[in-house]
Amino acid sequence: MTDAPDVSDAESSETSETIEVPIGPYDIDAIPVPMDQIERVDLGSILVAPVPNCELRLQVDERTQEVQAVLLTTDEGALELRAFAAPRDGDLWTEIRPQLAADITARGGQSEEVEGPWGIHIVGQMPVVMPDGTEGVQASRIVGINGPRWMLRATLIGRPAVDGDYAGPWLQGIAASVVRRGAHALPVGEALPLVMPAQPPSA
């Protein structure tokens with residue numbers, strides 16, 4: 001693990017010593033102090049931390065009305081979060097990376113693996129048709145983080161996928177998120193269920 005976003009240190013006012021906090025995302029049963037003080041939106045399997053100036057949206061299947069993914073969006077990009085069931089001692093991210101890269105290629109795009117926060121990322125370039133009808137390219141960066149019996153997949157889209165300075169708050173949002181796996185048995189790779197929040201998300 002290299003270049004993890006700087007969200008892990010807290011200063012003690014009494015001792016002036018630095019308290020090291022493990023970098024997230026966190027399991028629901030292992031949120032360290034002071035990260036447990038963050039007010040997150042509870043969506044069932046994912047508790048989403050706020051990202052400044054981002055709007056929280058939910059991607060809903062029109063046919064089943066089930067929530068498929070969580071999106072944090074601005075005019076210049078988005079962050080999609082999804083959590084999946086994983087083996088207790090396995091590495092689901094390493095297993096599925098070739099499949100994700102192959103899917104990008106099959107849709108006419110290009111991808112490469114790069115080192116970043118949380119290990120290997122997939123950076124992709126997909127051809128798209130712009131709102132004005134011209135052809136363009138949409139950048140994406142897929143990050144996979146293995147947890148205890150879960151994997152969080154975070155996909156940065158647009159500017160935060162390629163602009164490191166702009167991506168900083170988004171990476172901190174990933175690092176402060178929480179996954180609730182649940183005790184029930186699920187097939188490896190199955191998406192963990194998301195639910196509507198108790199109150200509608202606000203911008």
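The values are calculated or read from the model by the stated rules, or taken from the named source; none is laboratory data. For clarity, every value in this text was computed on a predicted model and none was experimentally measured. A quick note on method: Cβ atoms are made from the backbone with ideal geometry, for glycine too, and the neighbour counts reach across all protein chains shown.
Could you check how many residues of segment 62-91 are farther than 19 Å from G189 by Cα and either of a type in the set (A, V, I, L, M) or surrounded by fewer than 17 Cβ atoms within 10 Å (Cβ to Cβ) (or both)?
We begin by selecting, within segment 62-91, every residue farther than 19 Å from G189 by Cα; these are 62-65, 71-79.
Next cut, either of a type in the set (A, V, I, L, M) or surrounded by fewer than 17 Cβ atoms within 10 Å (Cβ to Cβ) (or both) only: 62-65, 71-72, 75-76, 78-79.
Summing the residues that are farther than 19 Å from G189 by Cα and either of a type in the set (A, V, I, L, M) or surrounded by fewer than 17 Cβ atoms within 10 Å (Cβ to Cβ) (or both) in segment 62-91 gives 10.
Out of segment 42-66, which residues are closer than 16 Å to L152 by Cα and among the β-branched types (V, I, T)? I'd like the intermediate steps shown before the answer.
First, the residues of segment 42-66 that are closer than 16 Å to L152 by Cα: 42-49.
Those that are closer than 16 Å to L152 by Cα and among the β-branched types (V, I, T): I46, V48.
If you scan segment 119-138, which residues turn out to be in contact with a Lys or Arg (Cβ under 8 Å, 6 or more places away or on another chain) and either hydrophobic (A, V, I, L, M, F, W, C) or modelled with pLDDT under 95 (or both)?
Across segment 119-138, the qualifying residues are I120, I122, V123, M126.
Report yes if R107 is surrounded by fewer than 19 Cβ atoms within 10 Å (Cβ to Cβ), in contact with a strand residue (DSSP E or B) (Cβ under 7 Å, 6 or more places away or on another chain), touching a residue at least 24 places away in the same chain (Cβ under 8 Å) and not hydroxyl-bearing (S, T, Y), otherwise no. For R107, the condition - surrounded by fewer than 19 Cβ atoms within 10 Å (Cβ to Cβ), in contact with a strand residue (DSSP E or B) (Cβ under 7 Å, 6 or more places away or on another chain), touching a residue at least 24 places away in the same chain (Cβ under 8 Å) and not hydroxyl-bearing (S, T, Y) - is not met.
Only one entry of G158, G124, G116 meets the criterion of being small (G, A, S), under 25 Å from D89 (Cα atoms), in contact (Cβ under 8 Å) with a residue 12 or more places away in the chain and buried (at least 16 other Cβ atoms within 10 Å of the Cβ), and that entry is G116.
All told, T94 falls short of being in a strand (DSSP E or B), at pLDDT 95 or above and not hydrophobic (A, V, I, L, M, F, W, C). Can you name the residue in segment 60-90 that is under 18 Å from S177 (Cα atoms) and polar (S, T, N, Q) and, of all such residues, is modelled with the highest pLDDT? That would be T73.
With respect to the conditions (1) crowded, with 19+ Cβ neighbours inside 10 Å; (2) farther than 26 Å from M35 by Cα; (3) more than 14 Å from the chain's Cα centre (by Cα), R181 falls short on a single one, namely (2). Condition check for R149 on (1) out of contact with any Ser or Thr (no Cβ under 7 Å at 6 or more places or on another chain); (2) more than 28 Å from D89 (Cβ to Cβ); (3) in contact (Cβ under 8 Å) with a residue 40 or more places away in the chain: one failure, at (2). Against the definition (out of contact with any His (no Cβ under 9 Å at 6 or more places or on another chain), surrounded by fewer than 22 Cβ atoms within 10 Å (Cβ to Cβ) and closer than 16 Å to T73 by Cβ), how does P169 come out, yes or no? Yes. Among residues belonging to segment 127-145 that are among the aliphatic types (A, V, I, L, M) and farther than 23 Å from D27 by Cα, point out the one that is surrounded by the most Cβ atoms within 10 Å (Cβ to Cβ). Here the answer is A139. In the set (1) modelled with pLDDT under 95; (2) in contact with a Pro (Cβ under 9 Å, 6 or more places away or on another chain), S45 fails one condition alone, (1).
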